[in-house]
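The values are calculated or read from the model by the stated rules, or taken from the named source; none is laboratory data. What you see is a predicted model; the values in this text were computed from it and never measured. As a convention, Cβ positions derive from the backbone with ideal geometry for all residues, glycine included, and neighbour counts pool all protein chains shown. When the accessible area is computed, the model is the full protein with side chains, heavy atoms only, and any ligands, DNA or RNA have been set aside. Shrake-Rupley method; radii C 1.70, N 1.55, O 1.52, S 1.80 Å.
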Amino acid sequence: MIAFYFIALLTLASALLVVLHRNPIYSALGLVNTLFLIAVSFVMLDAELIAMLQVIVYAGAIVILFLFVIMLLNVESEVRSARISKIGTAGLAFVLLFAVELAVFALVRDPSGAQELPAGFGSTELLAETLFSKGMLSFELTSLLLLVAVVGAVVMARRKVES
Amino acid sequence: MNVPVENYLVLAALIFAIGCAGVLTRRNFIVILMSVELMLNAVNLTFVALSRQLVSMDGQMIVFFVMTVAAAEVAVGLAIFLAIYSQRRTVNADEISLLRW
Amino acid sequence: MHPEHAHTAAEAVVLATSLLRWIPLLPLIGFGIGVFAASTNRRSIVHITGPGSVLLAFVVSVIAVSRLWTLPAGGAVVDNVFTWISVGMLHLDMTFRVDALTSVMILIITGIGFLIHLYSLGYMHEDADEARFFSYLNLFVASMLVLVLADSLPVVFIGWEGVGVCSYLLIGFWYQDMANADAGRKAMITNRIGDAAFLIGMFILVWAMHDLGAASLRFEDLNRMAPQLGAAAPHLVTAVCLLLLIGATGKSAQIPLYVWLPDAMAGPTPVSALIHAATMVTAGVYMIARLSPLYVLSPAALDVVATIGAVTALFAATMALVQNDLKKILAYSTISQIGYMVLGVGVGSFSGGVFHLMTHACFKALLFLGAGSVMHAMSGELDIHKMGNLKAKLPTTRWTFLVGCLAIAGVPPLAAFFSKDMILEAAFASGHVVLWFIGLTAAGMTAFYMFRAYFLAFEGESRVDHHTEHHLHESPPPMTIPLMVLAVLSIVAGWVGLPHGILWGDAWGHYLAPVLASHEAHEIAGSTVLLLTLVTTGVALGGIFLAYSFYLKSPGTADRIAERFHGIYVLLWNKYWIDELYDRLFITPYVIVSKFFWKVVDAMLIDGVVNGVGVAVGKTSDVWRRLESGNVQHYAAAMLIGAVVTCGVYWWLA
Amino acid sequence: MDLLISFVLALVALLILLQLTVLLLWVERKGSALIQDRVGANRANLFGGLLPFNLGIVNTLMADPLKLFHKEDVIPKDADKFLHWLAPFIAVLPLFVTFAVVPFGDVLVIGDRVINLQAANVNVGLLFVLGMVSLGVYGVVIGGWASNSRYAFLGGVRGSAQMISYEIGMGLALVAVVLTYGTLDLQQIAREQGKLMWGVIPAWGVFYQPLALVLFFIAGIAESKRPPFDLPEAESELVAGFYTEYSGSKQSMFMMSDFIEVAIVAALVTTLFFGGWQVPYLQRDGFHFPGGFFVGVPSLVVTILQVVSFLVKLFIFCWLQILVRWTYPRMRYDQLMNLGWKRLLPIGLANVVVTAVLVLALEGFTIK
């Protein structure tokens, strides 16, 4: 329990770092930290494979991509404008409201009681079995999506500037 | 380690809200994308937590797909961003408003 | 088994085969090749595929018919190709079926069709659009074959519409000329009116059949169920018969929908011969004969049929009297002759109607092709007053044309003598003496106007202008050979239907009997028959003699008579002003209504509403579009607000 | 008690790694000298004259770290101080953790207690390795960026692209191995390799997946940024690449991470392709030679033999990497990328496909 609160607090702190820090590099580091800590949460939730995938995919690839782009373009720190726009304020208020709503949802739900986990729950075999039976079509479609994304990304990034 | 599922849900809700706030308030396009990733991960967390609660692998399976889609999204998003940057020399979302009247 | 079943005789012997589908398919393949050829430069290929595909279809037809003849009477050869429609109770197969009636039809269509294709080789030789012509012609033959091979009404309708389209395409074949295109449209629209009635009749029929628990439009079922249908809903049967009759009047050019046929002569002459004389226009007669078990249930409908036939026969004959255009004369003669057929089926002599159909196909095709040959020689000139003494230059054409004229006039022992006689006899025997007399009069007129045309064109002194005179020549063999074949056919075709007791007797009637409904038999004495035959023959010979004396012996008599009866002459010359009448009665009001709908309803009302909506949306959008800042974050904020509200509402309700 | 055992195991793993690292520092210096036909490090020879044998190795092991840790820690003026400080730790930490899942022996049986000789038994161990290796990039990228130096920055950018690229080749090589042994658990993979192929040849990865071995070895060297793939630190172009602006103990951490990576690559090659701690024909109760020949060995001795076997193999592959380093010239950057994307990737994919087909076809034949 203590471990959970410790990790939860760290996670929230890193998430806040992403959003609050003006330097995008720090944001990226905050992001990778958040994602890593969420992976730890996954481990605590008996989803080891997902946790490792989380680290490999997010930390190992996605955030690196962010960092790479940030460095490539030499993005500078954001200049914080003196006044926060009205829309921004209203948005923040709504965000707060939303967080409260979601939290209340989570707490109001009647917990169906922790069930006994079967042996091998969260194992690679079980996930693979689910993935290749129920999720077969989605899996194939996802592969297609990835292909399209790769092609699209390459085409867009290669396009020369006109004029 | 028997943490009630609600704790994870609340944690996820908070992360989601933080991501939301990031999307709404940050001007840097890349940071907005990062905040979107935060939101996606918050959802992943709820999926995994509920997957354990309901003793069903479906939640984890969906997380798998979410990750894949997120990877694709980032790749395309950053490529778009690079294309925009090469034309407009800006990374600020409020300066990029092509789709308007 | 229903008790009604008993009198449909023993179950017919049916031979299943996959042969029949090739009969329409072969010309269809020819059509496909023709389309390909028309769009490329390889035009000459249609010289082989055009007539060849029809010849093959003829061969297959002969095989199919010979198979049929191995079966006992009332048998049929059937080819179930595929299931077309299967919805609810209605199950409809694309099935082809050859029985006695169909066997006659497919032999006519493919046989005469082949001759006309052959003829077209010569006739269309110099036309640049030859390939297109042959592809249309093939398509027509295919459609017509579908029409007659069909074993259910909807499949008939496919062919029915197919031949309509081909007719339209071929009438307007030389579409660069506005008049031709107009003629095509006229045919199409007139036919459309008939087709609509046909469709409605079909719908009512399937509805009625459904009420009897057998939602089917197969002829087999229709004919089997006809007595039940007649007992259950006699008025419905009458209505269906009349609606189908309207369809038939459209396709077969009967009053009141005959107006398109004379104009249809705008098409190439082989087309007139094939479509507008030998085959398509007889579709209505075929259809009525095919549905004869239904028609006999409604004496009222049959009377209407007979009356329309007789009146048309006379009416068209009178108009033919004064025409100067050779093809127009033949056109009116066609209308008149089909009138005979309709009269025949109307008085219950279905076999007589089909008999005349068969003989008519031979001699009318012959006459049209002869006219085409003349036209070919005269460089397109068709006015009989500008011909004369063509026999010197066109011997083959002259002799064959003469045979055709004799045949149509009803001179014994040529084709129409037997068939026309059979119809008139039946009309007399059924007690419709008035109709008989009308028919007789028309027969006399037929002989007169045909020989008027013959004498003016081939005999007497030449009135051909010098330029044309110089070019006069006999047609090439591809054109004369069909003429000769058809001439022979015109002589012998009638022999299959001799009157009772002579040689093989009424073989024709016996052959068709299992397929056609038997009307109440009207026995008339042999002496009466002989008397009637003598009267008919006398009238025919009288007509010929009259024509001879008017136009050959003392030219000018005709003009004098025309002056004497000036009113009638003008009336006839102007074709009773029927076209003008239709114009006033239907077309002008229709145009006025259409203009109203165009100018007021469409242009003002509908366009106004549409444009108004557009303008209104545009104006409103001017205001709203300012919400679209183009900034992603604003949109995201809007989404968030939506999510918050949705969650809030859900929470509130839960 | 369990906690204590875990602690001890972790300590053992850490010690193996650290000792190996420091040792490698000396081996590399002496090894390069050997290859280049010179004497190499021979100055740090305290008590040199007093003892009958040379204590050079001991002295170097102490002197090098001492020297480095005592140097001044320089932080460039406009550098991002926090990240500049953080980077070396990010570089080293994941590597230490990686070693935790590498089994260095089968089991140690003491009385009733059976101890798994592996610091942490993660049943998705191989993925854990991949994940940690992928985290290693951050040290390079952050270090390069935070130094506020062109050389360092270029090194960092090069490093990030290179490491991401070769991760894919490495992953594909590992997928083939996983397909062969049907498990992600490294200890399990090592155990599977104790079986025999056709009753004679040990079922080692090198025999099943020779192609994967080559791919993995190349990708591993590239991942550890060592020559001929040392573009991120190429001293002739970028001074010292991403750690140009580092000195003292932080630089030593980067250097240490370099050697740890060598050790990890060697450990993984050993575990995945050369039977890990397996000694051919040695089972828990003794040697089972083909042909029914049996030599009994006490359990404890077996364990010791296995650990020694693991360490020997480890040293061999470390030495092999050092040989490679001092043998091959550095590649050009485009050559590097071409090799990664246009050679390793397709070959790896083909290998995976062929393996998958074979596994399906020979379901009964494989060791599973």
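The figures follow:
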quantity	calculated
Which listed residue, of C:Thr282, C:Thr312, is within 22 Å of C:Ala447 (Cβ to Cβ) and either modelled with pLDDT of 90 or more or touching a Phe, Trp or Tyr at 6+ places or on another chain (Cβ under 6 Å) (or both)	C:Thr312
Which numbered condition C:Lys391 fails, given (1) more than 24 Å from C:Gly494 (Cα to Cα); (2) among the basic types (Lys, Arg); (3) at pLDDT 85 or above	(3)
Matching entry among D:Ile90, D:Ile75, D:Ile115 (being surrounded by fewer than 24 Cβ atoms within 10 Å (Cβ to Cβ) and in a loop (DSSP other than H, G, I, E, B))	D:Ile75
Helices (runs of 4 or more DSSP H) enclosed by segment C:140-245 - at least 1 residues per element that are surrounded by fewer than 21 Cβ atoms within 10 Å (Cβ to Cβ) and modelled with pLDDT of 90 or more	C:153-171, C:178-211
Boolean, A:Ala149 is open to solvent by less than 80 Å² (accessible area, probe 1.4 Å) and either of a type in the set (Val, Ile, Thr) or at pLDDT 80 or above (or both)	yes
Single residue of segment D:95-138 satisfying the filter (touching a Gly at 6+ places or on another chain (Cβ under 7 Å) and over 19 Å from D:Lys225 (Cβ atoms)) that is nearest to the other protein chains (Cβ to nearest Cβ)	D:Val101
Total residues in segment D:30-52, condition surrounded by fewer than 16 Cβ atoms within 10 Å (Cβ to Cβ) and modelled with pLDDT under 80	10
Only listed residue being on the phi > 0 side of the Ramachandran plot and either of a type outside the set (Gly, Ala, Ser) or buried (at least 24 other Cβ atoms within 10 Å of the Cβ) (or both), chosen from C:Gly348, C:Gly344, C:Gly284	C:Gly348
Residue list for segment C:619-634, restricted to those being more than 7 Å from every other protein chain (Cβ to nearest Cβ) and modelled with pLDDT of 75 or more	C:Lys619, C:Thr620, C:Ser621, C:Asp622, C:Val623, C:Trp624
Top-ranked residue of segment A:20-36 - restricted to ones that are surrounded by fewer than 20 Cβ atoms within 10 Å (Cβ to Cβ) and away from chain D (no Cβ under 12 Å), ranked as nearest to A:Pro118 (Cα to Cα)	A:Leu20
Residue list for segment A:59-68, filter: more than 18 Å from B:Val48 (Cβ to Cβ) and either facing chain D (nearest Cβ under 9 Å) or open to solvent by 10 Å² or more (accessible area, probe 1.4 Å) (or both)	A:Gly60, A:Ala61, A:Val63, A:Ile64, A:Leu65, A:Leu67, A:Phe68
Filter pass, D:Thr327 being out of contact with any helix residue (DSSP H, G or I) (no Cβ under 6 Å at 6 or more places or on another chain) and under 30 Å from D:Val12 (Cβ atoms)	no
Of residues in segment A:116-131 being open to solvent by 100 Å² or more (accessible area, probe 1.4 Å) and at pLDDT below 70, the one farthest from the other protein chains (Cβ to nearest Cβ)	A:Ala119
Helices (runs of 4 or more DSSP H) lying entirely in segment C:441-518 (those with 2 or more residues that are within 23 Å of C:Ala289 (Cα to Cα) and out of contact with any Leu (no Cβ under 7 Å at 6 or more places or on another chain))	C:507-512
Restricting segment C:44-82 to residues that are surrounded by fewer than 16 Cβ atoms within 10 Å (Cβ to Cβ) and within 24 Å of the chain's Cα centre (by Cα), the residue that is farthest from C:Met124 (Cα to Cα)	C:Val62
All positions within segment D:223-252 that are open to solvent by less than 20 Å² (accessible area, probe 1.4 Å), touching a Ser or Thr at 6+ places or on another chain (Cβ under 9 Å) and among the hydroxyl-bearing types (Ser, Thr, Tyr)	D:Ser224, D:Tyr246
Residues being modelled with pLDDT of 85 or more, open to solvent by less than 10 Å² (accessible area, probe 1.4 Å) and more than 10 Å from chain D (Cβ to nearest Cβ) - total across segment A:37-58	3
Members of segment C:403-457 found to be touching a Pro at 6+ places or on another chain (Cβ under 9 Å), aromatic (Phe, Trp, Tyr) and surrounded by fewer than 24 Cβ atoms within 10 Å (Cβ to Cβ), listed by number	none
Qualifying helices (runs of 4 or more DSSP H) (wholly inside segment C:267-330; at least 2 residues being farther than 23 Å from C:Asp182 by Cα)	C:283-290, C:292-295, C:299-322
Residue under evaluation C:Thr359, criteria (1) over 13 Å from C:Asp421 (Cα atoms); (2) in a helix (DSSP H, G or I), criterion not met	(1)
Any chance C:Ser373 is open to solvent by less than 10 Å² (accessible area, probe 1.4 Å) and of a type in the set (Gly, Ala, Ser)	yes
